[in-house]
Amino acid sequence: MKYSIVFPVVLVALALSACSKPAAVTPAAAPAAAAMPGPAGPAGPAGPAGATGSTGDVGPTGNAGAQGATGDTGATGSKGSTGATGDRGKTGSDTVIVVPAAPTPGR
(Lines give C-alpha, C1' and ligand atoms only; values in the text may rest on other atoms or scores of the structure.)
Protein backbone atom coordinates (compact mmCIF):
# COMPACT_ATOMS: atom_id res chain seq x y z
CA MET A 1 0.00 0.00 0.00
CA LYS A 2 2.87 2.31 0.47
CA TYR A 3 3.59 2.28 -3.22
CA SER A 4 0.00 2.81 -4.24
CA ILE A 5 -0.08 6.29 -2.64
CA VAL A 6 3.44 7.34 -3.60
CA PHE A 7 3.08 6.38 -7.25
CA PRO A 8 0.09 8.64 -8.05
CA VAL A 9 1.68 11.57 -6.13
CA VAL A 10 4.88 11.30 -8.15
CA LEU A 11 2.88 10.93 -11.35
CA VAL A 12 0.87 14.13 -10.58
CA ALA A 13 4.07 16.05 -9.70
CA LEU A 14 5.69 15.07 -13.00
CA ALA A 15 2.57 15.92 -14.98
CA LEU A 16 2.26 19.37 -13.41
CA SER A 17 5.93 20.18 -13.79
CA ALA A 18 5.87 19.25 -17.47
CA CYS A 19 2.99 21.66 -18.19
CA SER A 20 4.40 24.81 -16.60
CA LYS A 21 7.93 25.15 -17.86
CA PRO A 22 9.04 28.78 -17.70
CA ALA A 23 10.21 30.27 -21.03
CA ALA A 24 13.81 31.37 -21.33
CA VAL A 25 14.11 35.17 -21.11
CA THR A 26 16.78 36.85 -23.22
CA PRO A 27 17.78 40.39 -22.27
CA ALA A 28 16.94 43.16 -24.80
CA ALA A 29 19.79 44.48 -26.89
CA ALA A 30 21.15 47.86 -25.81
CA PRO A 31 20.43 50.69 -28.29
CA ALA A 32 23.29 51.64 -30.56
CA ALA A 33 25.11 54.83 -29.64
CA ALA A 34 23.99 57.75 -31.85
CA ALA A 35 26.73 59.51 -33.79
CA MET A 36 27.03 63.18 -32.87
CA PRO A 37 27.20 65.54 -35.87
CA GLY A 38 30.21 67.78 -36.25
CA PRO A 39 30.20 71.56 -36.73
CA ALA A 40 28.54 73.01 -39.84
CA GLY A 41 30.71 73.74 -42.87
CA PRO A 42 31.05 77.10 -44.68
CA ALA A 43 28.13 78.38 -46.81
CA GLY A 44 28.21 77.59 -50.53
CA PRO A 45 28.34 80.20 -53.31
CA ALA A 46 25.13 82.07 -54.27
CA GLY A 47 23.14 80.63 -57.16
CA PRO A 48 22.39 82.51 -60.40
CA ALA A 49 19.44 84.95 -60.55
CA GLY A 50 16.17 83.52 -61.84
CA ALA A 51 14.61 84.56 -65.14
CA THR A 52 12.14 87.48 -65.15
CA GLY A 53 8.55 86.48 -65.86
CA SER A 54 6.67 87.86 -68.86
CA THR A 55 3.81 90.35 -68.61
CA GLY A 56 0.35 88.82 -68.77
CA ASP A 57 -2.11 89.42 -71.64
CA VAL A 58 -4.70 92.21 -71.50
CA GLY A 59 -8.19 90.90 -70.85
CA PRO A 60 -11.13 91.48 -73.24
CA THR A 61 -13.21 94.65 -73.07
CA GLY A 62 -16.51 94.25 -71.23
CA ASN A 63 -19.94 94.56 -72.88
CA ALA A 64 -21.69 97.93 -73.05
CA GLY A 65 -24.29 98.50 -70.35
CA ALA A 66 -28.04 98.54 -71.09
CA GLN A 67 -29.73 101.87 -71.97
CA GLY A 68 -31.52 103.54 -69.07
CA ALA A 69 -35.32 103.89 -68.95
CA THR A 70 -37.03 107.10 -70.17
CA GLY A 71 -37.83 109.53 -67.37
CA ASP A 72 -41.39 110.41 -66.30
CA THR A 73 -43.18 113.46 -67.82
CA GLY A 74 -43.25 116.52 -65.58
CA ALA A 75 -46.48 117.83 -64.04
CA THR A 76 -48.52 120.53 -65.85
CA GLY A 77 -47.87 124.03 -64.49
CA SER A 78 -50.60 126.04 -62.73
CA LYS A 79 -52.74 128.63 -64.55
CA GLY A 80 -51.42 132.19 -64.58
CA SER A 81 -53.15 134.97 -62.67
CA THR A 82 -55.79 137.19 -64.33
CA GLY A 83 -54.53 140.46 -65.83
CA ALA A 84 -55.50 143.88 -64.47
CA THR A 85 -58.88 145.34 -65.54
CA GLY A 86 -58.77 148.37 -67.89
CA ASP A 87 -60.13 151.84 -67.02
CA ARG A 88 -63.73 152.68 -67.84
CA GLY A 89 -64.45 154.96 -70.78
CA LYS A 90 -64.95 158.73 -70.25
CA THR A 91 -68.02 160.63 -71.32
CA GLY A 92 -66.17 163.61 -72.64
CA SER A 93 -63.34 163.23 -75.06
CA ASP A 94 -60.47 165.41 -76.04
CA THR A 95 -60.32 164.07 -79.54
CA VAL A 96 -61.72 166.27 -82.30
CA ILE A 97 -62.78 164.67 -85.53
CA VAL A 98 -62.74 166.97 -88.53
CA VAL A 99 -64.97 165.83 -91.38
CA PRO A 100 -64.07 167.53 -94.64
CA ALA A 101 -66.85 169.35 -96.36
CA ALA A 102 -68.38 167.82 -99.41
CA PRO A 103 -67.11 169.44 -102.58
CA THR A 104 -69.53 171.81 -104.17
CA PRO A 105 -70.64 170.99 -107.64
CA GLY A 106 -69.39 173.17 -110.38
CA ARG A 107 -66.47 174.69 -108.96
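The values are calculated or read from the model by the stated rules, or taken from the named source; none is laboratory data. This one's a predicted model, so the numbers in the text were calculated from it and none came from an experiment. As a convention, Cβ positions derive from the backbone with ideal geometry for all residues, glycine included, and neighbour counts pool all protein chains shown. Quick note on the areas: whole protein, heavy atoms, side chains included, nothing else; ligands and nucleic acids left out. Shrake-Rupley method; radii C 1.70, N 1.55, O 1.52, S 1.80 Å.
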With every protein chain in place, what's the accessible area of Asp72 (1.4 Å probe, Å², nearest 10)?
150 Å²
Given a 1.4 Å probe, the accessible area of the chain per residue, as a whole number of Å², is 108 Å²
Convex hull over the alpha-carbon atoms of the chain: what's its volume per residue in Å³?
1203 Å³
What distance in nm lies between label points placed 7 Å from Cα along the C-beta direction at Asn63 and Val12?
10.3 nm
Rounded to the nearest 10 degrees, what's the angle between the helix 2-19 long axis and the longest principal axis of the chain, both from Cα atoms, 0 to 90?
40 degrees
Can you pull the percent of the range 28-82's accessible area that's carbon plus sulfur, 1.4 Å probe, other chains left in place?
56 percent
Modelled label-to-label distance, Thr104 and Ser54, 7 Å Cα→beta-carbon offset: nm?
12.4 nm
Obtain the nm distance between the two label points defined at Asp87 and Ala75 by a simple spin-label model: each point lies 7 Å from its Cα along the Cα-to-C-beta direction.
4.1 nm
